1. For segment 28-148, calculate the relative contact order in percent as a whole number, restricting contacts to Cα pairs under 8 Å that are 6 or more residues apart.
2. Sort Asp291, Asp349, Asp300 by accessible area with a 1.4 Å probe, largest first.
3. For each pair in Lys292/Lys323; Lys318/Lys366; Lys67/Lys318, compute the distance between the two Cα atoms and list the pairs where it is over 27 Å.
4. Between Glu350 and Ala299, take the C-beta separation as r, use R0 = 25 Å, and let me know the FRET efficiency to the nearest 0.05.
5. Output ³J(HN,Hα) for segment 243-253: one whole-Hz value per residue in order, computed from phi by the Karplus curve 6.51 cos²θ - 1.76 cosθ + 1.60 with θ = phi - 60°, and x for Gly and Pro.
6. Mind jotting down the distance between the C-alpha centroids of segment 218-281 and segment 174-188, whole Å?
7. Ignoring ligands, DNA and RNA, please state the percent of accessible area on segment 288-339 from carbon and sulfur, probe 1.4 Å.
8. Given the protein chains as shown and a 1.4 Å probe, how many square angstrom of His123 are accessible, to the nearest 10?
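The values are calculated or read from the model by the stated rules, or taken from the named source; none is laboratory data. Because the structure is predicted, anything quoted here is derived from the model rather than measured. Cβ: placed from backbone, ideal geometry, glycine included. Neighbour counts: every protein chain shown. Each accessible area value is taken on the protein alone, full model and side chains, heavy atoms only, with ligands, DNA and RNA left out. Shrake-Rupley method; radii C 1.70, N 1.55, O 1.52, S 1.80 Å.
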Amino acid sequence: MSFWLHHSLSHWATRLIVGFILIVLAAACWIFSSSTFDQPQPKAGIVLLGGIHEEGWNAPQYRGIRKACNAMGIKLLFKENVNTEGACTKAVQEMADNGAGMIFLASYSYSQEAQKFVREYPHIAFGTNSAECHARNMTSYFVRMYQGRYLAGALAGMHTKSNVIGYVAAMKNSEVNRGINAFTLGVQQTNPNARVVVMWTGSWQNESKEAEEARRLITEAGADVLTYHQDEPAAANVAEELGIDYIGYYEDLGKHEWRSDHALTSVVCNWDRYYEDIIRRYLKGELNYVDKQWVGMEADFVELCDFSPAVTDEEKAKLIYIKERMLAGRFVFAGEIYDRQGQLRCRADESIRDDRLLQHMDWLVKGVEILE
């Protein structure tokens, strides 16, 4: 074979090999792009008792999960004003049909309904605000808001002049009781002479009832500092109207232009950080790995927001000291604690376990009074 013929054949063989390699690479790229970039976008759903623009509980929840989903490339499905019997079941069905892989039930009110339908969707990871509701594919998710309540109580104890602090509360369950108890223990930390007077509304959202009870706490009980556990700030609005100091919940009330210095601070949660954390757990297949996802101040999820000018430097310094002790391991529910009936609930050398705090706090601490 001549040199030129051999060279020509080698040249064509090389071109064929190179062409084959290019075809294989193109096919591999197509397969990779199809499997990687054409995957359906993960979807998360959230069911809300109120509207997404209702400040208090609902709007911060929505803003938090929206921000987290945007940051992580998750498509968010949501249903708002889901507040009638059977509505939660219908909302979950619609989200399941639309491909939601995880669904958050953002109200304690959904717990009974969820027990009936959650097992029908074993492929969906559920999160619920109710610690009393359990399933293999449903985890209780919440933050240790009681830590912020304790600090808020310490501030209220320092700030009151009448030694009467009013508390408008939704209902008698572990979550609300836990907040009242932590707040009262905080009050007692800074002012053992102060009383916390509670009024129940029996509902998460009933603005007229909340306003009525707030007025009674101020005019009848003599409260000069007010706080609440409701989905909206109706009690704070009454306190503002009557010139009484108050501590908000879920949102920074001081940011509203019409608020005065009476808005001392608020107990708030960085919901975007929390939802980002829990969604990451879902993407790793860990969302339902434990029964409860319960974190708080140690993870920078719970805090008091900016203080009003009415809060003194001395009060701020005291709160910083108390918070530092908490972060160093000083538990809120630790040491000798008695309930309103005089029963010892926690010994001097122990602390109350999480399972008791979450599910079995059916009592109120000594120092709480109920205004009938």
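1. Computed over segment 28-148, the figure is 23 percent.
2. Solvent-accessible surface, decreasing: Asp349, Asp291, Asp300.
3. Working: Lys292/Lys323 24 Å; Lys318/Lys366 23 Å; Lys67/Lys318 34 Å.
Violating the 27 Å limit, Cα to Cα: Lys67/Lys318.
4. For Glu350 and Ala299, the calculated efficiency is 0.55.
5. In residue order, the calculated couplings are x, 10, 5, 8, 10, x, 9, 6, 9, 7, 5 Hz.
6. For segment 174-188 versus segment 218-281, the Cα centre distance is 16 Å.
7. Answer for segment 288-339: carbon and sulfur cover 51 percent of the accessible area.
8. 130 Å²
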